[in-house]
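Down below is the structure, laid out as structure tokens.
The values are calculated or read from the model by the stated rules, or taken from the named source; none is laboratory data. Keep in mind that what you see is a predicted model, and the values were worked out from it rather than measured. Methodologically, a virtual Cβ is constructed for each residue, glycine included, from the backbone with ideal geometry; neighbour enumeration extends over all protein chains shown.
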């Protein structure tokens, strides 16, 4: 991709270097002094002209890469964030992401759920991101915009088609639009950080969903989910398509002699702990295959209020990770010999920090086959963060998030009411 330039000098030399060189050579053969041309017409002498023409041809071949910039809080990272960054990357050659600081988020939106360190791990772990600018400002000021253009060589600033207003009601990207360096992408429908917080807050209203007194009613509901959870799960409006999965996929399989590493899990509410364990797993082989449990399996293992994200949402979040090569959408609980043979799995790994795979209630060890084959390995989890611990942060400050969500839900409702055709991204 080439950055547009207004510089028209030497255009003829760019496109017709042989013709120009031929003219100069003909002049020399006819005995016309190149020094005459240099003195009267402003042309350089012939010995210096040909190397210069070669440099111009080389510059033409080595077009400068277009660098695009997109910023955000990226709190509670989900596939909507990943899809936005995928679209942004498609508008250039290199994607630079500005990560808004914790302090700026507190001032403009309230406390973030994830720390800067955790958000940085998530954003850096996305396959479309080339660079990250930490502690970016919430509002793009003229000084910061000039820094982007001059220091970071940014060509365009990108944002979604949903409005982004500052506390005073002004457009956060007005300056970029004014100088003609702004491009827009389509917002991904069906998910938002506000929506995810809403799903977590939903089961607070019915605390009995987590009580032992509700144990009997869990088994009466389809898939072991009670009505309050069914209600909260309907908050997801995501309609998965094969095209979206292809957009996120690496579209390639392992080589015949590749060392395939397999790791499975719920990967619910994709967080920094997931990124780090996937990175560690990928380092053990040539190809990382990730199994994503069905919603029913996750609910059976963790309780009726889980998973917070349904199967296809979780699959896209994992596929967006740069360390993942392929996923099994709806992986089985137990790893069988047939599965190991089918996918040519060389090593099965499991993290030390996990909320599933416990042998409670007399369940058989789901890793017994790879263990007996000598291809199983416990992998030290780099972080102790879990889906439940992230959810607990929101629950502990539920009053703050309820107020913030009430304000955000109004603006999101207006956006969806006014939205137009969006699937052509």
When (1) surrounded by fewer than 20 Cβ atoms within 10 Å (Cβ to Cβ); (2) in contact (Cβ under 8 Å) with a residue 24 or more places away in the chain are applied to residue 243, the one that fails is (2)
When residue 199 is evaluated against the numbered criteria (1) outside any loop (DSSP other than H, G, I, E, B); (2) at pLDDT below 95; (3) surrounded by 14 or more Cβ atoms within 10 Å (Cβ to Cβ); (4) in the same structural domain as residue 347 (by TED's automatic domain parsing), which criterion, by number, is the only one it fails?
(4)
Test of understanding: among 327, 298, 318, 290, which residue is assigned by TED's automatic domain parsing to the domain that holds residue 262, assigned to a helix (DSSP H, G or I), closer than 20 Å to residue 275 by Cβ and within 18 Å of the chain's Cα centre (by Cα)?
318
Please go through (1) touching a strand residue (DSSP E or B) at 6+ places or on another chain (Cβ under 8 Å); (2) closer than 21 Å to residue 322 by Cα; (3) surrounded by fewer than 21 Cβ atoms within 10 Å (Cβ to Cβ) for residue 98 and return the number of the only condition it doesn't satisfy.
(3)
Quick check: anything in region 156-168 more than 27 Å from residue 316 (Cβ to Cβ) and at pLDDT 85 or above?
no
Hey, any hits in region 392-405 for a residue that's in a helix (DSSP H, G or I) and within 30 Å of residue 259 (Cβ to Cβ)?
no
Find the residue count for region 373-387, including only residues that are touching a residue at least 40 places away in the same chain (Cβ under 8 Å) and either surrounded by 14 or more Cβ atoms within 10 Å (Cβ to Cβ) or part of a helix (DSSP H, G or I) (or both).
8
Answer yes or no: is there a residue in region 385-398 that is closer than 30 Å to residue 167 by Cα and at pLDDT below 85.
yes
